[in-house]
Structures are given as structure tokens and as C-alpha cells.
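These notes concern the structure reproduced below.
The values are calculated or read from the model by the stated rules, or taken from the named source; none is laboratory data. Because the structure is a prediction, the values reported are computed rather than measured. Neighbour counts run over all protein chains shown; Cβ positions are idealised from the backbone, glycine included. Side chains included, ligands, DNA and RNA excluded: accessible areas come from the protein's heavy atoms. Shrake-Rupley method; radii C 1.70, N 1.55, O 1.52, S 1.80 Å.
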Amino acid sequence: MQKATRLLFELKKNRTMFLMIAPAVIYFFIFNYLPMTGAIVAFKHFQYDKGILFSPWIGFKNFSFFFQSGQAWLLTKNTILYNLAFIVTGVVCSIGIAIIFSEIKGKYFKKITHAAMFLPFFISWVVVGAFVYSMLNYEFGSLNTLMKGLHLQPVDVYGTPALWKYIIVGFYLWKTVGYGSIIYLAVITGINPELYEAADLDGASIYQKIYHITFPLLKVTIMIMVLLQIGHILRGNLDMFYQLVGNNGVLFNATDVIDTFVFRALISANDMGLPSAIGLYQNAIGFVVILTFNYLAKKVNSDYALF
């Protein structure tokens, strides 16, 4: 009774704040929490005429189909390694670009170059996929046309799986690094300029100021950004992988991730149970991973943890 009274008092006292946060709470409840009830499809043989509630239960058969398909380890490995590559290279490149832009003195040059790096983020992966195909196609791609003009042997990029881990990571960086650098640039902009002025008086070089001032003050932001991305380590970027690779079976061993496998299973078998089981598997592993890394981060420094 006392708790209910206290809750009503808080609601009345901070009603403006609660009203402001209400749209976000409603949005996340409808689009993030409510759909979680659909996870029971992973344990059912889904039939469209019976719906989610009345389809027959089949236990863990959808999960066993995935793990016995022989693809589970390959897909999990590809997804984790690609995401680790994205996280490491993305964070390093974003921080590097943010530091470079913070040191550039020309106002208009800084704005133009940053806008140019920011622009790829808004280009659809469909457009990027078409661009990559026109560039790397064996017969009439611009790369092989140039190589033929230089009397060099053309490269069959779409028939060489080993090249694609570099191509995918490269285009991921090209598209996202400019956008990702904004957060780090905002943190650097907020650093007290008196710290840099004191370092100048002590005769510190630009590299010493970056190493002893900028980088230490970025640590908390770096850890938070890494933790947020770690939670998605079993999530493949379907748009990117599917538009760049398509249904090229030659490249599947090197480029296939969980999301592309699920997408193909859904459109070919039209079975909702298997994709739901794999999605639940992704979420469960991601939940455990983020709890583990958050715990480790809290052990190192409580400021590095998300919660």
C-alpha cells in the first residue's frame, strides 16, 4: 500500500517527465517486447490455417534440424568472425577519423570532407550491391576492363571466396565509418580545451596530446559502443550480405551468415518454425554474450559497464 502511494506520488510529481518518455516506452513495448511472444513458433510446427496458438507443439525439432544440417558451426563461425572484424576495424577507423577531424583547422574543408564521409551511410545496400557488381563482374566489370587495358590477367572475383572477407569488411567500413565517427567526434569536442592548452605549455606534441588526453577520455565511450555492438555479435547484416553476395553458392562457405541462411530457408521452404528457432538461438547467445562482457567490463571499471 505504501509502495503504491509512493508510486502515485512519483507519477504526479514527475508527470511531465513520464509523459515525455511515454511514446518511447509504448514504441518499444509494441515493436520490441510484444513480438517476443511469437518466439513460441520455434517450438511448433507452424500451420497458417491454425495460427501461432493452435499449431502443434514439436519440442526442439526445429533446433535439431538446424544443428544437424551441418551448417550450424559454419554459420555461427562466419557470423561471429565477421562481426568481430566489423567491431574492431569499425571502432579503430571511427576513432582515427574523429581524431583527424578534431585536429583539422580549416572550417569549410572539415565540413565538406566529413559530409563526404557521412554520405555513404544513406546509400541503400541495394545500390551498393549494384555498384559492386558493375565494378567486380568478370566479363564487363570496370576492374577487369582496366586490367585488360593494362594487359593483366582478369580476376574472377565472384568465383574466388577468399577475396570476399576483405571486400565485405571494406565496403562495411566505407559505408559506416563516417557515421560512426560522429559519436567519438562529439566526445572529443566536449573535452575541456584547457587540458590541451596546458599540454601545449608543457611542450607536448600532437601525438602526446592524443595519447595522454584524447584517448583516455574516449575510453568509456569506446567500451559502451563495443558493448552495444557485442550484443549483436550473432546478428548478420542481411541487407549487406545478401546484396553484395546474392545467391552465389560458390561464395557461401566464406560469406554465409545466420541471417542469410534464415532468409533462404524462409523463402524456399516457407517454414516459419526453423527461422524462429534460429532467431531465438541468436538472441539467447547474444543475451549471454552481452551479460558476460558487461560483467567483465564492470570488473575492470564500473564506468565501462552498461548496467
Worksheet item: Tell me, which helices (runs of 4 or more DSSP H) lie completely within the stretch 184-251 with 1 or more residues that are more than 27 Å from the chain's Cα centre (by Cα) and at pLDDT 90 or above?
Response: 193-201, 206-209
Worksheet item: What pairs come up if the first residue lies in the stretch 150-163 and is without any contact (Cβ under 8 Å) to a residue 60 or more places away in the chain, the second is open to solvent by 90 Å² or more (accessible area, probe 1.4 Å) and in a helix (DSSP H, G or I), and their beta carbons are under 8 Å apart, counting only those six or more places apart or on different chains?
Response: PRO154/LYS148
Discussion item. Of the conditions (1) among the hydrophobic types (A, V, I, L, M, F, W, C); (2) part of a helix (DSSP H, G or I); (3) open to solvent by 40 Å² or more (accessible area, probe 1.4 Å), LEU152 satisfies every one except a single condition; which number is it?
Written reply: (2)
Worksheet item: Among the residues of the stretch 282-300, which ones are touching a residue at least 40 places away in the same chain (Cβ under 8 Å) and either open to solvent by less than 70 Å² (accessible area, probe 1.4 Å) or of a type in the set (D, E, K, R) (or both)?
Response: GLN282, ILE285, GLY286, VAL289, ILE290, ASN294, ALA297
Worksheet item: What are the residues in the stretch 252-289 that are part of a loop (DSSP other than H, G, I, E, B) and β-branched (Val, Ile, Thr), if any?
Response: VAL257
Worksheet item: Can you name every residue in the stretch 227-242 that is more than 17 Å from TRP125 (Cα to Cα) and open to solvent by 40 Å² or more (accessible area, probe 1.4 Å)?
Response: LEU228, GLN229, HIS232
Worksheet item: Name the pairs: first residue in the stretch 90-101 and under 15 Å from HIS114 (Cβ atoms), second residue surrounded by fewer than 17 Cβ atoms within 10 Å (Cβ to Cβ) and hydroxyl-bearing (Ser, Thr, Tyr), Cβ to Cβ under 8 Å, at least 6 apart or on different chains?
Response: PHE101/THR113
Worksheet item: So which of VAL157, VAL177 ends up being under 21 Å from VAL220 (Cα atoms) and open to solvent by less than 20 Å² (accessible area, probe 1.4 Å)?
Response: VAL177
